[in-house]
Structure formats: C-alpha cells, structure tokens
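Q: A single structure is presented below for examination.
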Amino acid sequence: MNSVGEACTELKREYDQCFNRWFAEHFLKGDRSGDPCTETFRKYQRCVQKAIKEKDIPIDGVEFMGPNKDKPDS
C-alpha cells in the first residue's frame with residue numbers, strides 16, 4: 001500500500017520492512033527491548049504530516065499514536 005503522500009511511499013516501505021523484521025526476529029521470540037525502527041518511523045511520520053498539510057486533508061479530532069505517546073485511559 002502506498003502512503004498518503006507519494007514522496008513518503010519509500011519511507012513507508014523502509015519502516016514496514018524494519019518493523020516486520022524486528023517483530024518476527026525479536027518481539028515474537030520474547031525480546032521486547034528497544035525498537036530499532038523509531039527513527040525511521042519519525043522520518044515517515046514527518047513526511048506524512050507534511051503531505052497532509054500540503055493536500056489540506058482535514059484531521060481535526062483525529063488522535064495519533066506513536067512512540068512516546070500516552071496510552072488512552074481505559
């Protein structure tokens with residue numbers, strides 16, 4: 001699947017590959033320490049935010065999750 005911004009698609013693929021590799025090779029085997037994909041995610045996130053702004057996509061009321069975000073109250 002491509003990203004919302006054409007310029008972000010390669011960053012999305014890089015992040016997806018990094019995450020899938022980490023998930024399969026570490027997380028599923030019980031190693032939950034660290035996340036080597038955080039910086040790649042942040043680059044992708046910045047690109048998407050720029051694309052959303054450039055395309056004037058309304059995002060009012062949308063909550064974003066990501067590294068270092070508080071989890072919603074249950």
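Q: Tally up the residues in the range 12-37 that are surrounded by 14 or more Cβ atoms within 10 Å (Cβ to Cβ) and either of a type in the set (G, A, S) or modelled with pLDDT of 90 or more (or both), please.
A: Selection size over the range 12-37: 10.
Q: Give me a count of the residues in the range 1-15 that are among the charged types (D, E, K, R) and in contact with a Phe, Trp or Tyr (Cβ under 9 Å, 6 or more places away or on another chain).
A: Number of matching residues: 2.
The values are calculated or read from the model by the stated rules, or taken from the named source; none is laboratory data. Note that this is a predicted model, so its numbers are computed, not measured. Cβ sites come from the backbone with ideal geometry, for glycine too, and all protein chains shown count toward neighbours.
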